[in-house]
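First comes the structure, then the notes that go with it.
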Amino acid sequence: PPLIHLAEYRPSDFLIDRVDLDVRLHPSRTRVTAMLALRPNPAGDPTAPLRLDGDELALVALALDGQPLPEDAYAVSPSGLVLSAPPRRPFTLAIVTELDPGANTKLMGLYRSGAVYCTQCEADGFRRITYFLDRPDVLSVYTTRIEADRDEAPVLLGNGNPVEAGALDGNRHYAVWHDPHPKPAYLFALVGGRLGHVATRFTTMEGRDVAVAVHVEPGKEARAAYALDAVVRSMRWDEEAFGRPYDLDVFNVVAVSDFNMGAMENKGLNIFNDKYVLASPETATDADYAAIEAIIAHEYFHNWSGNRVTCRDWFQLCLKEGLTVFRDQEFSSDMRSRAVHRIAEVRQLRARQFPEDAGPLRHPVRPTAYAEINNFYTATVYEKGAEIVRMLKTLLGPDAFRAGMDRYFAENDGRAATVEDFLDAFASVSGRDLAAFAQWYARPGTPRLAFRTAYDPAARTCDLTLSQSLDGGPPLVMPVALGLVGPGGALDADCPDLADGVYVLTDREATLRFRGVTERPVPSLLRGFSAPVRLDGALTEADHLVLLARDTDPFNRWQAGQSLALRLIRAGGPAEAFAEALGLLLDAEAPRDPAFAALMLSLPGEGEVANEIEAEVDPDAIHGARKALRAALGRALRDRLEDIEARLAEPVGTPYSPDAAAAGRRALRNAALDLLAAGDPQAGAARAAARLEAATNMTDRLAALGTLALIPGDAREAALAAFGARYADEPLVLDKWFALQATIPEPGTPERIEGLKRHPAYALTNPNRVRALVGSFAFGNPTQFTREDGTGFALVADTVAALDGANPQAAARLLTAFGSWRKLKKSRAVKAEEMLNRIKAIPGLSRDVADIVTRTLA
Ligand code: B3K
Ligand code: ZN
C-alpha cells in the first residue's frame, strides 16, 4: 500500500467554516444532505482543484451556490469527489448522499449496532457519511438535524447543545443539535435509537449548569450508575488538577454493543463500547470498574486535550492520545492508590508496548509515514506517549508542568496543533531547551540503561555510573529517579547532582558521587519507573532482597520482586530466599496495603519473560519455569496464604463496593487462592470450587473460576458449564468465559475454541466476542498460539481472513498478535511465517491487513 509521509504535510487548499447536516435515518437508505460553507485557504494552493474525500457513498445530488452542477464540472471516484475548477471565493456546496447503515459492517461511518444508529468517524469515517475534507486541520461549526421514525429511534443525539425537536407526519420526528465549537470531522457523531438513561447535573467552576447523561440499552440503566458517577468525578478532577471546565450545556455518553475499540471522544457525545459503561456487582469485576472509570475519564479529558486543541495531522496522534492517557492515569492515581496504579501502568507498558517496540511493527511515538492510520492507534502512541509527558513533568517539576499545560491550552485553543506546539509551551514557561528531549518522539525502540557502582568504605563515597544506549544513536534526555539503600533502609547520602531525588542523564555516560555513605549501598534506580527504558541489572540476588525489604520507593520494592522472579524463571535455582523475603513482606504489607501485597504475589507474565530474551524464545520452557516457581512459592508460603484467605474473607452479607480498598482485599485474597492452588492443585481445585460456590460478586467468582481453569479435571469442566449456563443471556459475562477458556495453556484449547465458535452467543460480527475468544488466545496464550504444529497460528489466521472482508480494522488488530514471530524458536517461527505468507496471498486484502502483514514480514 502507498505511504503518506509527515514531511509531505501541506495545509488544505480549502476550508469549511460551517456544516449543516440533515440526516434522515433509515435502516438501509439513510439520506444525508450536507450544506458546506467553503472558502479557499489563504495558506493553500490558489490553483488547486477541490478534492473531497468519500468512501462507499452514493451521490444523489450536488449543487454549488444553489445551482445543480453540470456533470462535466466534477468527477466521482471510489476515493472521493473532485471539482476541477472550484470558485476562488467563498461558496456553498450542497451534497446529497445515500448510505446503508445496516450493511456497514466496518463499524466506521454511520452504522447500526443492534437496532441503534451510531457513528464512528475517527480517523477517517466521516467520508463514509458525506463527501468532505476529512482531515483534522479542517475545523468547522456543525449544525445537525436528525430525522427518524419515532418508534425505531425515539432518542436522537448529536454534538453540542440541543436546539430544537419536534414531531413530523408519518410517525416521524426530528431533533436539531448545534455545536458552537469548531471541530474536525473525526469528532462528529450522532445516535438514534431506543435507549434508556441515567442522568445528573454538574455545575462547572464557571457556573455552567451541565446536564450529564449516560444512555444504555433499556433495562440496563442501573448498570450505568457507576459510569455516570465517573463522568462527574472526571469533570471535577479536570477542573481541580488542570483548571479545565466543561464547555457545553449537555454531556452525553452512549453505550453500544458493536464497537471497534474502547470508546470515542466525539464533542459532547462520547460513544462507548458497552463493556466500558455497564457494570453491576453480578456482571463486572473490580478490574472492569477500574477500566470504566479510566476510560470514561479518558474520553472526557479529550474535551480539552484533543477536541479544544486538536491535531494538525494524524502523525500528531500522540499529541492527544499520549497526553490524554497521562491525564487519565493521573486521575486514576488520585482516585485509587498511586503506587499500585503506577505498577499497573508499567505492567501494561511492558506487556504491550515493549514487545511492539522490539518487533517489526515498531515505530516512533510520532510516526513519519503510514499506509493506514487506523493501524497506528498503538501502545507506542498511547502508552509510551504518556510516558513522555510524565518524563516532561518529572523534568520540569509540577509547577512548571502545570504552567506549561496552561500555556499549551491557551495558545492552541481552537487550533490543530503539533508536538512542536506542545513542547514550545513548556519551553517558553520554563526557559528550558527541549530540543534534545524531543528525540523521544522521533526514535523508536526501548533505550537501555546500565549502571555500576564503586564504593569506597574508607572515604565513605560511592560512585554511581549510569550509561544509556539506543541503537547506537545519540543519548536521550532521561530522568532517572534514584537513591541508595542499605540493609537498614534508605541511606542518607549526599549527592549534589540530584534534584528531588532525580538525576537527568543527558550524556551517554555519567558518574555521580555520593558522600557520607556509611555502609555498602544498593542503588535503587528508576524509582517510580521514571523513564520507559530497560534497566540492565548488575544487582545480585542479595541486592534485590535488600531493595525488596527496604526500599522507600514502593515501585522499586515491587520491581525487586519481579527481578528476583525473572532471574529464577530464566536461570532456575532455589527459591527459598525469595519466598522468605516475600513472606516477610506479606506479614508487613498484607494488613497495611492488600492491593500492593497482591501485586507482590503476581509474577512477571510469560510475555514479560519473553521480552528479556533476544532470540529462540521457547514459550513452553517459559511457561514451565514460571509454573514451577509459582508452585514452589505456593508451597513455601502456604501457611501465610491460608491465613490471608481466612482473614480476608468478607463477613456474609457485606454489600459489594468497587472502591480501591475493598478491591485490594479481594485481589489479595484471590491471589492467595491462586498461588495456593499452584502449590497444591488437588487441594486447590477443591478450595477454588468452594470459593466459586460461595462467591457473591463477579470479581470473586471469576477469580475462582480462573484458578480452577488451570487445573484439568471434571471439576473444572462442570464449573465452566455451570458458569456458561448461568450467564447465557449476558454477553459481556460470556466474554469473560470465552477469554478464560481461550487462555487455558493446554493442547486441547484450539479445539475448545472451535467448539465455542459455535456457541449461540458468539458472532464474528461483534468485535468484543472475537477479541474475547480469538484475541485472548492470540495475545494471552503463548504456548498454544505458537504451537509447533501450527494449529494455533492457523486458528488466528483463519479468523483474520474470515473477518477482513467485513471489518478490516478488527482483523488488522488481531493480526498484530504475530508481531514477535521472528524471535520465536525456529520450529515455531517457520509456522508463523507460513501463515503470514498465506494471509499475504489472499486476493482483495484490506489496506489495514495488507499493511500489518507486509510490515510484520519485512
Ligand atoms: N480516539 C479514539 C480512538 C479512535 C480509533 C480509531 N481507529 C479513542 C480514544 O483514544 O480515546
Ligand atoms: Zn484517546
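The values are calculated or read from the model by the stated rules, or taken from the named source; none is laboratory data. From a predicted model like this one, the values you see are computed outputs, not experimental measurements. Note that we place each Cβ from the backbone using ideal geometry, even for glycine, and neighbour counts take in every protein chain shown.
If residue 394 satisfies all but one of (1) away from ligand 1 (no atom under 16 Å from the Cβ); (2) in contact with a Leu (Cβ under 8 Å, 6 or more places away or on another chain), what's the number of the condition it fails?
Of the numbered conditions (1) away from ligand 1 (no atom under 16 Å from the Cβ); (2) in contact with a Leu (Cβ under 8 Å, 6 or more places away or on another chain), the odd one out for residue 394 is (2).
Specify the residue that is surrounded by the most Cβ atoms within 10 Å (Cβ to Cβ); the eligible residues are those in region 251-295 that are closer than 25 Å to residue 670 by Cβ, more than 16 Å from ligand 2 (Cβ to nearest atom) and of a type in the set (Asp, Glu).
Within region 251-295, the match that is surrounded by the most Cβ atoms within 10 Å (Cβ to Cβ) is 286.
Report, ordered by the first and then the second residue, all pairs with beta carbons closer than 7 Å, sequence separation of six or more or different chains, a first member in region 456-468 that is at positive phi, and a second member that is surrounded by 16 or more Cβ atoms within 10 Å (Cβ to Cβ).
So the pair list comes out as 460/517.
Restricting to region 350-373, count the residues that are within 16 Å of ligand 1 (Cβ to nearest atom) and in contact with an Asp or Glu (Cβ under 6 Å, 6 or more places away or on another chain).
Number satisfying all stated conditions: 3.
Given 290, 386, which one is within 15 Å of ligand 1 (Cβ to nearest atom) and in a helix (DSSP H, G or I)?
386 is the lone residue from the list that is within 15 Å of ligand 1 (Cβ to nearest atom) and in a helix (DSSP H, G or I).
Please name all residue pairs, on different chains or six or more residues apart, with Cβ atoms under 8 Å, provided the first residue is in region 312-328 and is assigned by TED's automatic domain parsing to the domain that holds residue 367 and over 14 Å from residue 298 (Cα atoms) and the second residue is of a type in the set (A, V, I, L, M) and near ligand 2 (Cβ under 10 Å from one of its atoms).
317/381
Any chance region 137-155 includes a residue that's within 16 Å of ligand 1 (Cβ to nearest atom) and not in a helix (DSSP H, G or I)?
The answer is no, given that none of the residues of region 137-155 is within 16 Å of ligand 1 (Cβ to nearest atom) and not in a helix (DSSP H, G or I).
Can you pull out the residues in region 1-21 that are part of a strand (DSSP E or B) and within 30 Å of residue 87 (Cβ to Cβ)?
4, 14, 15, 16, 17, 18, 19, 20, 21
Across region 293-307, what is the number of residues that are out of contact with any helix residue (DSSP H, G or I) (no Cβ under 7 Å at 6 or more places or on another chain) and either over 23 Å from residue 766 (Cα atoms) or more than 11 Å from ligand 1 (Cβ to nearest atom) (or both)?
Count: 1.
Within region 813-853, track down each residue that is under 14 Å from residue 800 (Cβ atoms) and either polar (S, T, N, Q) or in the same structural domain as residue 373 (by TED's automatic domain parsing) (or both).
Matches in region 813-853: 816, 837, 846.
Out of curiosity, is residue 409 free of Cβ contacts under 8 Å to residues at least 40 places away in the same chain, away from ligand 1 (no atom under 16 Å from the Cβ) and over 16 Å from the mean Cα position of the chain (by Cα)?
Against the criterion (free of Cβ contacts under 8 Å to residues at least 40 places away in the same chain, away from ligand 1 (no atom under 16 Å from the Cβ) and over 16 Å from the mean Cα position of the chain (by Cα)), residue 409 does not qualify.
Report every pair of residues separated by at least 6 positions or lying on different chains whose Cβ atoms are under 9 Å apart, first residue within region 107-135 and closer than 18 Å to residue 58 by Cβ, second of a type in the set (Phe, Trp, Tyr) and more than 15 Å from ligand 1 (Cβ to nearest atom).
110/117; 111/117; 126/132
So, in region 200-211, of the ones that are touching a residue at least 40 places away in the same chain (Cβ under 8 Å) and touching a helix residue (DSSP H, G or I) at 6+ places or on another chain (Cβ under 8 Å), which residue ends up surrounded by the most Cβ atoms within 10 Å (Cβ to Cβ)?
Checking each candidate, the answer is 210.
Starting from residues that are touching a Pro at 6+ places or on another chain (Cβ under 9 Å) and part of a helix (DSSP H, G or I), keep the ones in region 776-793 and report whichever is nearest to residue 743 (Cα to Cα).
777
Can you tell me which of 25, 15, 59 is in contact (Cβ under 8 Å) with a residue 24 or more places away in the chain, surrounded by fewer than 16 Cβ atoms within 10 Å (Cβ to Cβ) and not charged (D, E, K, R)?
Just one listed residue meets the conditions, 59.
Return the residues of region 289-311 that are over 30 Å from residue 10 (Cβ atoms) and either among the hydrophobic types (A, V, I, L, M, F, W, C) or free of Cβ contacts under 8 Å to residues at least 24 places away in the same chain (or both); say none if nothing qualifies.
290, 291, 292, 294, 295, 296, 297, 301
For region 798-827, which residues satisfy the criterion of being within 15 Å of residue 773 (Cβ to Cβ) and hydrophobic (A, V, I, L, M, F, W, C)?
Residues satisfying the conditions are 800, 802, 803, 810, 811, 814, 817.
Pick out, from region 68-115, the strands (runs of 3 or more DSSP E) lying fully within it that include 2 or more residues that are surrounded by 17 or more Cβ atoms within 10 Å (Cβ to Cβ).
In region 68-115, the matching strands (runs of 3 or more DSSP E) lie at 80-83, 91-99, 109-113.
With the structure loaded, tell me whether residue 152 is farther than 17 Å from residue 35 by Cα, surrounded by 17 or more Cβ atoms within 10 Å (Cβ to Cβ) and over 29 Å from the mean Cα position of the chain (by Cα) or whether it fails that test.
yes
Would you pick out the residues in region 272-287 that are of a type outside the set (Ser, Thr, Tyr) and either under 16 Å from residue 214 (Cβ atoms) or within 14 Å of ligand 1 (Cβ to nearest atom) (or both)?
272, 273, 274, 275, 277, 278, 279, 284
Between residues in region 373-400 that are assigned by TED's automatic domain parsing to the domain that holds residue 501 and residues that are within 16 Å of ligand 2 (Cβ to nearest atom) and of a type in the set (Phe, Trp, Tyr), which pairs lie under 7 Å by C-beta distance while being six or more apart or on different chains?
none
Only one residue in 315, 326, 331 is within 12 Å of ligand 2 (Cβ to nearest atom), hydrophobic (A, V, I, L, M, F, W, C) and either out of contact with any strand residue (DSSP E or B) (no Cβ under 6 Å at 6 or more places or on another chain) or over 14 Å from residue 227 (Cα atoms) (or both), so which one is that?
326
Within 15 Å of ligand 2 (Cβ to nearest atom) and modelled with pLDDT of 95 or more: which single residue out of 350, 342, 308, 338 fits that description?
308
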